[in-house]
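The values are calculated or read from the model by the stated rules, or taken from the named source; none is laboratory data. Here the structure is a predicted model, which means the values were calculated and not measured. Glycine also receives a Cβ, built like all others from the backbone with ideal geometry; neighbour counts cover every protein chain displayed. Only protein heavy atoms, including side chains, enter the accessible area calculation; ligands, DNA and RNA are left aside. Shrake-Rupley method; radii C 1.70, N 1.55, O 1.52, S 1.80 Å.
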Amino acid sequence: MVHLNNLTEFKYTDVTNTEFLDDIRELSCIHRNRVRWKPGRETRCCAFSSSGDKFAWSPGHGHVEIIHMFTVSQLNHGDSQRERNSITCGCNVTSMKFAPPFVMTENKFSSTSLLATGLENGQIKIWDSNNGHLLFNLSDHTDIVRGLSFSPCGIPLLVSCSEDKTIKVWDLADDGNMTLTVRQQKFPVLDCAFSPVNPHVLASVGMAKMVIVWDFVHKRSCRPARRLRGHNNDVISCSWSPDGALLATASHDTTVIIWDPHANVQITVLCHLYPLPCPIYAGGANGAWVTSVNFSNDGTKIATVCEDNHVRVWKLWNRQDTVYVVPLSKSGLQCRFSPDDQTLAISQLNGIVTLASVPCRKVLSLRHLSRLAARKAISSKMIDLMTLPQPIKDYLAYRFPL
Amino acid sequence: MAEDRQEEEYGGCEGADSMYVRLVSSDGHEFIVKRDYALTSGTIKSMLSGPGQFAENETNEVTFREIPSHVLAKVCQYFIYKVRYTNSSTEIPEFCITPEIALELLMAANFLDC
């Protein structure tokens, strides 16, 4: 792990402990016995529902499987009777997301069973995951839909980003009508995410080193607030910390950078190639592309998927810096933590989803819990204006050294 | 007589090995908690049982001049949460902190080292 105190100084922390996670279970279905890989069979995406009871993944060729999900150890005991739904989308699924709870007055379904799937031909289909009915078919994108994000705080908006260089906002309370198209990027947009506490902050990442934080005023107006510069290659995936204070972005330049997006500062950099590659090497094919990053729901861990067939779980605020590693047989594409942080789901190139049980679910320190609660209400700019002792301000702003 | 029986059942606040300690907030509210729970905090632990002659060691009472009672109450709830769920295989629930007290709680937690 590299700590950047100011942007010119590098300090390497030796990762001394790497433990291999061994409580692993694989979920695969229709292609179980076929060894040869064919295009279209990748599991590009997977998603947990907001309460953790359902898990959806796409085993390729346009199918989506949903199971009612518990911990990995419970899965090992006879899961054939576990309730499984299967949905056929008609086209390869490239992104999916479960909806958080929000209020929709006219419709009769509960929003927590909504599953939005983005397809390769640009359509977005929203299904009811309990019975597999198609509820909305949103088609306006002209290229692969790469990212989906629901607005937090109960507002029924869906934002989608696509390789056709646009971000579109859909209003689900208004029968899925599209309310806004943002065309300001010049390159394909690869992921987008709303901040989990503030419905006015949206982050999008894309090709050509692009990381933009938008000021999402309302559903018809969205302006770029600032651009975070620091990556050397395409940025593939982004993830917010649960208090909305940090943004982690994964890029093909072998690094994951954790930013404070409001103050435009890099907090720390997680490197997957030692030593850190020079910009020319980082800008091309270097064998260690990081394809996905996901914060855990308690804000202490980050999971990253790298092209060298390893998934690493980094513990962020702990000086021992233990990294848990899950070796994979084929390269992984996306990783997701379950809402209770017990399970890590990794979707892979050969249509298999690997579920790893994450150890060390501990009681967090009161300092960390208070910081999470305080940062949901306090933004970075306000911290410097408050009259607090400097070490407390540094701790609140996630400034190193912690 | 009833008082005597109550003391036998519950243990007291006095003496070197008392079961309970007294934590006093800045506005005079006294919290009496079990000694084991209070020892979650590194600061309280060193005050009550460290080497040297802290006055708190004698009276088993710690006064916090900067921590108000609404924050100290939450800290005591955290002690119980921590002791209950450390090394426990049951699912750990969320510890709720309202945003109004979060900042003062952070400063108290920083002082108490817990």
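Within the accessible area of segment A:218-285, the carbon and sulfur atoms contribute 54%, probe 1.4 Å, all protein chains present. Distant-in-sequence amide contacts of A:L180, defined by a placed amide H-H separation under 5 Å and a gap of 5 or more residues or a different chain, comprise A:V169.
Where a ≥ b ≥ c are the square roots of the eigenvalues of the C-alpha gyration tensor, would you call segment A:224-320 rounded, which needs a/c under 1.5, or, failing that, prolate if a/b is larger than b/c, or oblate?
Numbers: a/c = 1.82, a/b = 1.21, b/c = 1.50.
Verdict is oblate for segment A:224-320.
The mean accessible area for residues of segment A:333-372, using a 1.4 Å probe and ignoring ligands and nucleic acids, is 25 Å² per residue. Sequentially through segment A:341-349, phi angles give Karplus couplings (6.51, -1.76, 1.60; θ = phi - 60°) of 6, 8, 10, 10, 9, 10, 9, 10, 5 Hz, Gly and Pro residues having no value and appearing as x.
Tell me: how much accessible area in total is hidden between A and B, 1.4 Å probe, Å², nearest 100? Can you show the working numbers first?
Numbers: alone 17350 and 7810 Å², together 23440 Å².
Chains A and B together bury approximately 1700 Å².
Across segment B:86-101, rounded Karplus estimates of 3J(HN,Hα) from the backbone phi angles (6.51 cos²θ - 1.76 cosθ + 1.60, θ = phi - 60°) give 6, 6, 10, 8, 6, 6, 8, x, 7, 9, 7, 10, 6, x, 5, 9 Hz, Gly and Pro being marked x. The modelled label-to-label distance for the pair A:D174/A:D384, using points 7 Å beyond Cα in the direction of Cβ, is 3.8 nm. Distance from the Cα centroid of segment A:209-234 to that of segment A:133-158 is 19 Å (rounded to whole angstrom).
Between A:N137 and A:K362, the FRET efficiency from the beta-carbon distance, with R0 = 51 Å, is close to 0.70. Shown here for segment A:263-324: trypsin sites (Lys or Arg not before Pro) in loop regions (DSSP other than H, G, I, E, B) with at most 14 other Cβ atoms within 10 Å, namely A:R319.
Segment A:169-234: which trypsin sites (Lys or Arg not before Pro) are DSSP loop and have at most 11 other beta-carbon atoms within 10 angstrom? Don't skip to the end; give the middle numbers.
Numbers: sites: A:R183, A:K186, A:K209, A:K219, A:R220, A:R226, A:R227, A:R229; in loops: A:R183, A:K186, A:K209, A:K219, A:R220, A:R229.
Here the trypsin sites (Lys or Arg not before Pro) that fit, given the DSSP loop and packing criteria, are A:R183, A:K186, A:R220, A:R229.
May I ask you to derive the FRET efficiency for B:E66 and A:T88 from their Cβ-Cβ distance with R0 = 60 Å, giving the value to the nearest 0.05?
Working: r = 63 Å, r/R0 = 1.04.
Calculated transfer efficiency: 0.45.
Normalised per residue, the accessible area of segment A:101-226 is 40 Å², obtained with a 1.4 Å probe and no contribution from ligands, DNA or RNA. Across peptide B:96-102, the average count of Cβ atoms from other chains found within 10 Å of a residue's Cβ is 5. From most to least packed by mean Cβ count within 10 Å, the peptides B:26-37, A:47-58 give A:47-58, B:26-37. Segment A:289-304 and segment A:369-402 have Cα centres spaced 22 Å apart. Bridgeable lysines around A:K381 (alpha carbons under 17 Å apart, same-chain partners fewer than 8 residues away excluded): A:K393. Here's how it looks for A:G147: its modeled amide H is under 5 Å from those of A:C161, which are all 5 or more places away or on a different chain.
Cross-link reach is defined here as a Cα-Cα straight distance under 28 Å, omitting same-chain residues fewer than 8 places apart; for A:K125 the lysines meeting it are A:K38, A:K54, A:K97, A:K108, A:K165, A:K168, A:K186, A:K219.
For segment A:103-179, run through the trypsin sites (Lys or Arg not before Pro) and keep only the ones in DSSP coil with at most 16 other Cβ atoms within 10 Å of their Cβ.
On the way: sites: A:K108, A:K125, A:R146, A:K165, A:K168; in loops: A:K108, A:K165.
Passing both the DSSP loop test and the Cβ count: A:K108.
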